[in-house]
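> Shown below is the structure under consideration.
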Amino acid sequence: MSVVIVIPARHASTRYPGKPLVELRGAAGQGLSLIRRSWEAAQAVAGIDRVIVATDDDRIREHAESFGAEVAMTSTAARNGTERCAEAVANLGLTHEIVVNLQGDAPLTPAWFVEDLVAGLGADPGADVATPVLRCNGAMRSELIADRVAGRVGGTTAVFGHDRRGLYFSKEVIPYVGHDFGPSDPTPVYHHVGVYAYRPAALAEYPTWPEGRLEALEGLEQLRFLERGRRILCVEVEARGREFWELNNPSDVAKLEAMMQRMGIA
């Protein structure tokens, strides 16, 4: 199947303005911007036909072009990354069978997360969208809970049915579990990885819908699909020893840099 990766990136983030241009230092001490590290993560994915950075900001455009990225300029009207992806696809007249939204704040996304995601959507003709989920061990669950207790917007969790159809996504840690787990113990909590694969028809329709009530409350764009009765396939991925976290807050910079140190990511 033909696949394009779009990396939506905006400068005017509410929680972290200028986030795509923030430098992250890897294990070798080299500082590379968040958007460049996300672009390099996309380049490592097998079976991809094209990678495009979609932005409405000339500073991000100029920086992305400086390291060789293809850039599509979009309007400032896009309310989230999915709308920005849809606009870029429409503006460029892309006809790929699957569009992947690799959000620009997830530079530690392993290539196999995206590869498994594309394979999962390709194998399930009834799904409109697919997204990866990573089962939390006790340590990751505790980190998610600690973020919420501290009032920080941390990772998102997902719950899904026996058929892997997404039932709900939340910035709270769900499902509720009334006891603790050892750091390496598996838990029933799944961390939602901020990557999406769309069928083009579903992506094109998304911006025509008004923002959903739950989407507005949670601040999670994928809930608009659920509120419209569209099926989201949750594809469970394996960490294979890799740590994963997204850059949501300034305090996450140190966390991601420490992870890159431990994993030897330059």
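Each reported figure results from applying straightforward, stated rules to the coordinates on display, with no laboratory input. Being a predicted model, the structure only gives us computed values, none of them experimental. Cβ sites come from the backbone with ideal geometry, for glycine too, and all protein chains shown count toward neighbours.
> Exactly which trypsin sites (Lys or Arg not before Pro) in segment 169-266 are in a DSSP loop and have at most 13 other Cβ atoms within 10 Å?
Sites meeting the loop and neighbour criteria: Arg228, Arg240.
> Please sort by residue number the trypsin sites (Lys or Arg not before Pro) in segment 114-153 whose DSSP state is loop and whose Cβ has at most 15 other Cβ atoms within 10 Å.
Qualifying residues, ordered by number: Arg152.
> Sticking with this structure for a sec: Quick one: of the DSSP bridges fully inside the chain, what percent are antiparallel, nearest 5?
Antiparallel bridges: around 50 percent, rounded to the nearest 5.
> For the ranges 188-201, 38-51, what's the packing order if you count other beta-carbon atoms within 10 Å of each residue, average per peptide, and put the highest first?
In decreasing order of mean packing, 188-201, 38-51 become 188-201, 38-51.
> Right, something else. With charges only on Cβ, +1 for K and R and -1 for D and E, what is the dipole size of segment 1-40 about its Cα centre, in debye, rounded to 20?
Taking the Cα centre of segment 1-40 as origin, the dipole is about 140 debye.
> Right, another one. Of the candidates Asp124, Asp57, Asp105, which one comes out as most mobile in a Gaussian network treatment of the chain with C-alpha springs shorter than 10 Å?
Asp124
> By the scheme Lys and Arg +1, Asp and Glu -1, what is the net charge of all other residues having a beta-carbon under 14 Å from that of Phe181?
Summing Lys and Arg as +1 and Asp and Glu as -1 gives -1.
> Among the GluC sites (Glu not before Pro) in segment 226-259, which ones are in a DSSP loop with at most 10 other Cβ atoms within 10 Å of the Cβ? Mind listing them?
Here no GluC sites (Glu not before Pro) fit, given the DSSP loop and packing criteria.
> Find how many whole Å separate the alpha carbon centroid of segment 46-121 from the alpha carbon centroid of segment 146-170.
Cα centroid of segment 146-170 versus Cα centroid of segment 46-121: 24 Å apart.
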